[in-house]
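Trainee: Questions regarding the structure given below will be posed in turn.
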Amino acid sequence: MSFIDKDKPVIPLSGVAEMLGAKSRTLRMYEDKGLLPKHEGILKKLYSINDIQTIAFIHYIASVKKINANGIKYILELLNANMSQDEKDKIITNTEKQLELTPAKEIDDIEVF
């Protein structure tokens, strides 16, 4: 039995930014573009562990691979429409590993998106 509910939104965007080594402003920009996961019925914008994995994926493909917001939306649509949860989890896990291996100097904090 797991004590951690990985789907429960409890982490504010500033905490996510700190965990990813990104600027809150950058993550807010992703949020404004409609790229971040949304939770219905929650007044304050909070994110779950699973959301953080998705946000890390978004941050990687935006800041390292230089894919724009429309491209990211399309990739997320493809992942959600055509893949099982296990397949999506594998892609996101592999991307997290790539992000960990990527030198910080190669990760650009995007100012204009």
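Trainee: Which of (1) free of Cβ contacts under 8 Å to residues at least 60 places away in the same chain; (2) over 17 Å from Ile107 (Cα atoms) does Ile72 not meet, given it meets every other one?
Mentor: Going through the list (1) free of Cβ contacts under 8 Å to residues at least 60 places away in the same chain; (2) over 17 Å from Ile107 (Cα atoms), Ile72 breaks only (2).
Trainee: Give just the number: which of (1) crowded, with 17+ Cβ neighbours inside 10 Å; (2) out of contact with any helix residue (DSSP H, G or I) (no Cβ under 9 Å at 6 or more places or on another chain); (3) not acidic (Asp, Glu) does Phe3 not satisfy?
Mentor: (1)
Trainee: With respect to the numbered conditions (1) at pLDDT 90 or above; (2) assigned to a helix (DSSP H, G or I), which one is the sole condition not fulfilled by Leu78?
Mentor: Condition not satisfied by Leu78: (1).
Trainee: Another question, then. Pick from the stretch 4-47 the residues that are in a loop (DSSP other than H, G, I, E, B), of a type in the set (D, E, K, R) and over 21 Å from Glu100 (Cβ atoms): which of them is modelled with the highest pLDDT? Break it down into steps so the answer makes sense when it comes.
Mentor: Initially, the stretch 4-47 is screened for residues in a loop (DSSP other than H, G, I, E, B), giving 4-10, 21-23, 33-45.
Add one more test, that the residue is of a type in the set (D, E, K, R), and what stays is 5-8, 23, 33, 38, 40, 44-45.
Then drop every residue that is not over 21 Å from Glu100 (Cβ atoms), which leaves 5, 7-8, 33, 38, 40, 44-45.
Details: Asp5: 90, Asp7: 89, Lys8: 91, Lys33: 94, Lys38: 87, Glu40: 80, Lys44: 78, Lys45: 87.
So the residue we want is Lys33.
Trainee: List the number of the failed condition for Ala104; all other conditions in (1) surrounded by fewer than 16 Cβ atoms within 10 Å (Cβ to Cβ); (2) out of contact with any Pro (no Cβ under 9 Å at 6 or more places or on another chain); (3) within 22 Å of Asp32 (Cβ to Cβ) hold.
Mentor: (3)
Conditions tested, residue by residue: (1) under 12 Å from the mean Cα position of the chain (by Cα); (2) of a type in the set (Lys, Arg); (3) crowded, with 16+ Cβ neighbours inside 10 Å.
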position: Met19; (1), (2), (3): yes, no, no
position: Arg28; (1), (2), (3): yes, yes, no
position: Lys44; (1), (2), (3): no, yes, no
position: Asp89; (1), (2), (3): no, no, no
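The values are calculated or read from the model by the stated rules, or taken from the named source; none is laboratory data. Here the structure is a predicted model, which means the values were calculated and not measured. Virtual Cβ from ideal backbone geometry, glycine too; neighbours counted across all protein chains shown.
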